[in-house]
Each structure stands twice: as C-alpha cells, then as structure tokens.
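One structure is given here, and the rest of the page talks about it.
Just so it is clear, none of the values below were taken in a lab; they were calculated from the coordinates. Given the structure is predicted, the values throughout are model-derived calculations rather than measurements. Methodologically, a virtual Cβ is constructed for each residue, glycine included, from the backbone with ideal geometry; neighbour enumeration extends over all protein chains shown.
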Amino acid sequence: MNIEHFRAFTWLRWRIRINQLKRGGIGNTIVLAMLAVSLAAGATGALIGGFSVGCFVLADVSPTILMYVWDGIVAGFLFSWMIGLMTDLQRTDSLSLDKFLHLPVSLRSAFLINYLSSLAGMTMILFVPMMFGLSLGLVFGRGAIMLLMLPLVTAFFWAVTAVTYQFQGWLASMMGNPRRRRTIIGGVTISFVLLAQAPNLLNILRPWGRSETKIANERLEKVTKLSEDLQAKLIKPEEYAPKYQQIMDDEKANRDAHDKQMDQQLEVYVRLLNMVLPPGWLPLGADGLAGGNPLPTLLGTLGFSLIGAGSLWRAYRTTLRLYTGQFTAGSVTAPNTPAVVKSATSAKPDPNRVRLVEYEISWIPEQAAGVAFAGFRSLTRAPEAKMLLVMPIIFGVIFGGIFIANAPSIPPAYRPFLAFAGMAMMMFSMQQLIGNQFGYDRAGFRAFVMGPVPRREILMGKNLSFFPFAATFCLIVLIGIQCFLPMRVDHLLGCLPQVITVFLLMCLLANLLSIFAPLAIAAGSTKATNVRLLPVLIHMMAMMCLPVLFLPAIIPFIIEITLSELGWLTGVPLALGLNVIVTLATVWGYRRLLTWQGDLLQSREQRILEVVTSKGE
Amino acid sequence: MSLAIETRQLSRYFNDFRAVNEINLSVERGTFYGFLGPNGAGKSTTIKMLTGLLAPSGGEMLVLGKNVSDPKEALEVKRHVGVIPENLSLFDNLTAREFLTFVGRMYLLPRDTVRTRSNELLELLGLDNEDKKLTLEYSHGMKKKLALAAALLPNPDLLFLDEPFEGVDAVTSRVIRDLLAGYVARGSTVFLTTHILEIVEKLCTHVGIIVRGCLVEQASMESIRQGLSLEDRFLQVAGGDEAVAPKISWLEGAAS
C-alpha cells in the first residue's frame, strides 16, 4: 500500500465530508455538532459504565452469569448493528472505486478507507467503549487473566465488521441487475425484520410458560378439591388450613425444582448456541477466563481473526470483480442462435391488450385516475415501496399476535377500539411512504410539474394509488380481530366506513407533508439523502399528531358506548349509522380541502422538484 | 407573425450568481430556434424557467401568448407544449408503453389515440420491442428517445428540447431530425439547445446565443452567420476565438 495514496484518500474523504456539511447550512452543522457531542458523551459514559460494572458488579459473579451478561451485550450489539445495516442495506462506498480505476493508485488504499469509513456508526461508537471498558473492569475486578478479553473483543469487532462488509459487497454485486436488485432488497429487508422480531414471536409462543401453567393448574385443582371437601364436610375446618398450606408448599417446591431444571436447560442451550454460532465465542471466552481456562478465549480470538481476514479478502475480491465488470459481463453467445431470433420476435406486444394504466374509475376525473393507476403500478414494482408496504403486515402480525395472546378478555362492546387501534397502526406504518409521495417519484415528478394536470387531480390520484394497500391492510386487521375477538356484526360493519375515514384523514396530512417537507430518496432504497433537519422534524411531529387526527373516526363508537353505559340507549346500532355520517363528512371535507392543497402544491412544486431530484454525494 | 416565446428582462439568480441575466427572447411561431451557449451559460436554466420547472428571479415570460408565471395560465400553456428536460422526467418503474399511456391521459387524449400514437412513436424510435423493460433498465439513449416520444405524444404546438441528441445513435438522430423538420414545416415551433453545431446549422431557422447569462445574439440563421460557418461565428460571439491556449511547455516537449 502506498502511504501517499492512503493519505490522499483520507484527505479526500475528510474534504467531501466538510463540503457536505457546508452545503447543509449552519442549522444542520449545529445539529450535527450537538449530535457528535452527545455521542462523545455517550461513548465516555459507556466506557466508564462498562469499566465500573466489570470492576465492581461482575467481580464476584459466577462464570455462567458472566457468560449471560456477555451474551446480552453481544445480542444487543448485533441487534443495533443489524438496524444500522438495514438502513444502509446496499454498501454505499464513501469513495466509489470506479472513480479511481483509471488512475495509477492503490485500490487497496481506497478499499481500506471505505472499510474503515463503514465502521463509523452509532452502534460502534457506543458499544466499542462499553465492551472494552467492561473488559478492563473485569481485569481489575477478577484478575490479570481477563486481559485476554481485549484481543478477543477486538477480534470480535474485526470479524463482525468484515463479514458485514463482505455481505454488503456481495449484495451490491448482485444488484447489478435492476430487477434482481428489487427482489434482493425486499427479501433481505423482510428477513431482517423477521429475525429482529424473533424474540417477539418467541414471547407469543412462550414454550417455557407451559410447565408453569401446568403447576398452577395442579395447585388450582387441589385447592378446588379441598374447598369442595370442606363444603361436603369430608374434612374438618381445622384440617383445611394445614392442608391448604401443604398444597402451597408443594407448589413452591415444584416451582423451585422447575426453575432449577429450567436454569440448567437454559445453560445447556446457551452454551450450545455459543459454541455453534460464532458471535457466541465471545461470551464463551469470558466464561472460560472466569473459570481459569484461557483456551476458549484463545480459540475464539483465532477464529474471529480468521473469519475477519477471510471476509475482508473476499470482500476485496468481490469489489474488484464488481468494478472490473466481471459480474455483468455475462456469457458469450454464438451469433444467430435461436435465442437471438426469439428475443427479436417474441417481445412484440399485443396492442389490443388493456393495460392497468388505462383503466378508469367511476366518479373520479380522468387525470386523477391516470395518476392513480400509474402510481399504483409503480408501487407494486418499486423495491422501496415493497419494503415499506410489507412492514404493516409484519408489525400487524407481531403486535397483533402479542396483543391478542395477552388480552383475550376485552368485552365485545369495546372491541371496535381494538380494530380502530389496529387500523391506525397500519396507517402509521404507511406514513413514511404516503407522507413523501413525490420523494419516491424522483425525476418522474418533473412530469407532474411540466404537465397540464390540475394539481388537485395529482394529489387525488396519488392518494388513490395507496388506497388498495391501505384497504387491504385494514381488512386483514379486521378479519384477524374478528377471528380471535369477534365483534358484533353492526360493529364490524361500522368499521368498514371507518377504513375510508382514517385513510382520507391520513391522506390530508400526508399531502401537507409531501408539499412542505419533501425528502430526496436514493433510488432503490428507503434512505433519505441530503437530509435537512426541518423536514425530518416535521415528519416526526406529524407522526405524533396521527392519533389525534384519527379521533373523528372513533367518535361514533365512543358515543354509542357512553349512551349504553348511561343506560340511555341500548341495543341500537348507533355507531354504524354515525360511522357512515362521519365518513360522508370526511369525504366532503377531503374534496374541499384537496382544492386548497392542490393550490399549495402548485405554489411549491418547483421547490419540491429541487428537493426530490437532488442526489446525495 | 405572432410569438411562440417572448421574455422580458428574464433573470434567474442562485444566491449571488446570475445564471440568466435579463434576457429578452423573441421566438416566432413556426420557427426552429437553436439556443446556443458554452457550458454553464444559462441555456438549461432558461428552458427550466420557460417550462415551469424553475421559478424566475425576475422578468416576464410569455409562452404561446400566455404568462407562464400565472398558475392558471401556466396549466393552459402546458396543454400545448411538449418538453424534454435536461435530466428527463421518466418514472423508473413503468414500461415505455405504460409511461406514454400515463402521459396521454394527463393530456386527456382518447384511449385509441394514445394507443395509435404510442405504437407509431415507439416503432419509429425503435423502442417497440422493449415492451417488458422498465425505464430504469433503459440506456441513456433509450431514455432520451422515450422522453421525445412522450413530448411528441400530445402533438404540441411548441417543443422545448434540452440536448435531445445527447447519447442518441446516428440512425435515431437522423430519424429525430427528419421528424422535427417535418414538425416545424407544418407550422409548429421547436426551441432546441444542443452543443452539436452541425445539427443546429442543418435544422434551425433562427439562433440565439447566450454567454454568461446574457443573450448576446438573436437573429435568423443567415443574419447570425454573416457568411461564416456557424461554428466560427459562435466562437466569435462566445469569445472562443480570443482565448489563446497558454503554452504548457511540459506538454509540448518530449514525453517523459
């Protein structure tokens, strides 16, 4: 590696960052400076906290407990690391190698700079000092043997970051094909989300809770039998108390035995997992050192180092292949093969086929329908839209499952509130997409600005393009709730117009967000580029306002329940009628406000265009 | 003859930088107007303002006799105008045919008209075999062709073309040139920016030259050329002939 090249790349990276800060404006710089100070304070706190815990709290605990602590830290680190990875799924090298390939420079220097740049993240800034602080604390608390934790932790970070870098590079190479890119981004995101939600799924299933329930049921049966015996005068009253105490003592003994067995089982499983899964080598090493055995630590350090070196080497090779075009070179086909003939003749379209973008919608203006169907078509194809649209489904299943599993005793009269909450959550999870409608159009937004379409129709069409998704998600929620916690028929029917109400209310807010706080989105990702502080704050504020915004939709059920509780009106499906009225009022209000919002859009469209077509460096 | 485009003191500043400085354009209807200038002279900024993509800092703009700064009049003007902007305006996730259908609907064209015109334009521009490809998979040249098809689809009275020949192959370039020549011959207007002076010389009836934001020449092709080639005249007006390349000894000596 040429040291001059390395210094030049380091300077270049620094200069680009400074220029980006200057372009972001003074407000952005101040906020970033405040964030940097907070992070520095957090890192210092993590270092001191980790050291104190290692030195004083974990000085005398058993090796197994120490292993559990490290397991928790490693799990927390990986979870946080994974979230960071999701937001930047495909590797975005800070220095694109294709800008240097024609120069006589060391590509390894640029590669190394890119790898080191990829490490700078909140997770690393907080976890590195914490884990090193903890290791140092353990040295002081438990003895010099714990010094071996330092190379083990270093090797752990080296391995995790190198594997991640290799993985991101592999994804980048796979995404050379734009169509495959969409599938990969969607698939990987969904896998990450499911993986991150695994603890929640485990919590729903609660396999460990079955034995506890069995013990509690046994106790309940015995106590019931005892009470029945007392009532049937099979036992004397003075015998009841000792027998009852005996049952309770037996249960406690059973529980203790059960807990002990569970602890032993847990330890076996955790040790096995730590051995099988490489991240577990770190806790296993800590456990070994605490027990006086340095071998697991040394083996772990060696293993991590090899994984790190191998991954980084592979990442480098992948990068080289990517930039030298080996991934996209394809195979050489002989001229005039049947495949060539086929591609020239089979691609002829059927001119009479009616395409989705040609459909009309009754009572909806032609231009709005055109925008709606073109928008819907784009949404069904765009990977970023797929990623965002799959979130409501996943979160609906996870959170809905948890809620239904833990709260089965909601009275039927109150279940519409649960349906409302579910629908609100669906809208909430779609806000990122609907609230930045033009951001995902990118250059396509120019077609709206240059076109002769009244801006009201553009907004209506854009909103309509999201309706099939919103309606489907809400219907899934309603069906789910109806299956597990059935509502009265009139309540269920009352929820249907509620779907339209919450959607239109959401659209009105989302239109304002799209007009006043547009964000540029990098192609194929959900990540905003050239982020300014104010639009992000506006989006966050809007998210907090959503529950208040949706209040009109739930008012009919509140009125019905209040009147019913007061005994003034019972057995009348009042909420159904009121819901229809509220929905009609919302539709009327939406149409009126849309004209005003259309004017707003027209007055700000050039500024929106400037934002959504801006590209990150 | 009435004017297709008229600007009065049209200006655009970016902070302290004057990208376009009080220009007075006059483009008559039925003319093929070439708008020339060196890099960064303000050509694209002017087109952006005339097509509503960028708000001017000052001055007036009349396109097809209407004030495009007025929101209501701007919509009316846009019904009669086709545009290929500098960075195009395509939706990544639509096919060419879907995009043209979308554009046709925006101009309220009947479905059959959209279909017929789309088929003809796609065939003419050689995009008719790419029915399953999304525009994100298109090459830059194919994207240019699709943008041209979209601009022509509503059969506008005025076409704004910002660098339409950039990245387009020679065969298609010839097709486009013939198409545009016929389009102007029937009485429509084209406002074109390009760096390819040969094309301007062949096609344009009128030329405007902008240098550092100022309109320094505006006349018919014959008047502009003054017996010289367009390239010589352009270099003269743009100041290119005065710039003498400084001597760089190490480039002119023996290679090291």
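For the protein assembly as shown, DSSP calls about 60 percent of its internal beta bridges antiparallel. Rounded to the nearest whole Hz, the Karplus-based 3J(HN,Hα) values (6.51 cos²θ - 1.76 cosθ + 1.60, θ = phi - 60°) of the range A:537-542 follow the sequence 4, 4, 5, 5, 4, 4, with x at glycine and proline.
The trypsin sites (Lys or Arg not before Pro) of the range A:521-606 include none that meets both criteria, a DSSP state outside H, G, I, E and B (loop) and at most 15 other C-beta atoms within 10 angstrom of the site's C-beta. Derived scalar couplings between HN and Hα for the range A:464-470 equal 5, 5, 8, 4, x, 5, 4 Hz in order, rounded to whole Hz, by the Karplus curve 6.51 cos²θ - 1.76 cosθ + 1.60 (θ = phi - 60°), x for Gly and Pro.
Compute the FRET efficiency between A:V276 and A:F56 as 1/(1 + (r/R0)^6), taking r as their Cβ-Cβ distance and R0 = 45 Å, and round to the nearest 0.05. Using R0 = 45 Å, I get an efficiency of 0.85. Taking amide hydrogens as placed 1.01 Å from N in the peptide plane, the amide H of A:G439 sits under 5 Å from those of A:L519, each at least 5 positions away in sequence or on another chain.
To the nearest 0.05, what FRET efficiency results for A:Q482 and B:A185 with a Förster distance of 51 Å applied to their C-beta separation? It comes out at approximately 0.15. Cross-link pairs exceeding 27 Å between alpha carbons, from the set B:K48/B:K133; B:K145/B:K202; A:K214/A:K236; B:K43/B:K132; B:K43/B:K143: B:K48/B:K133; A:K214/A:K236; B:K43/B:K132. Annotation note: chymotrypsin sites (Phe, Trp or Tyr not before Pro) in the range A:489-574 located in DSSP loop regions with a Cβ neighbour count of at most 16 within 10 Å are A:W568. Annotation: aspartates and glutamates with alpha-carbon distance below 19 angstrom to A:K225 (same-chain offsets under eight excluded): A:E238, A:E239, A:D249, A:D250, A:E251.
In summary, the aspartates and glutamates within cross-link reach of B:K78, defined as a Cα separation below 19 angstrom excluding same-chain residues under 8 places away, comprise A:E366, A:E457, A:D599, A:E605, B:E6, B:E28, B:E60, B:D70, B:E86, B:D157, B:D162.
Working note: Karplus 6.51/-1.76/1.60 with θ = phi - 60° gives the range A:2-17 the couplings 7, 5, 5, 5, 4, 5, 5, 5, 4, 4, 4, 4, 5, 5, 4, 4 Hz, where Gly and Pro are set to x.
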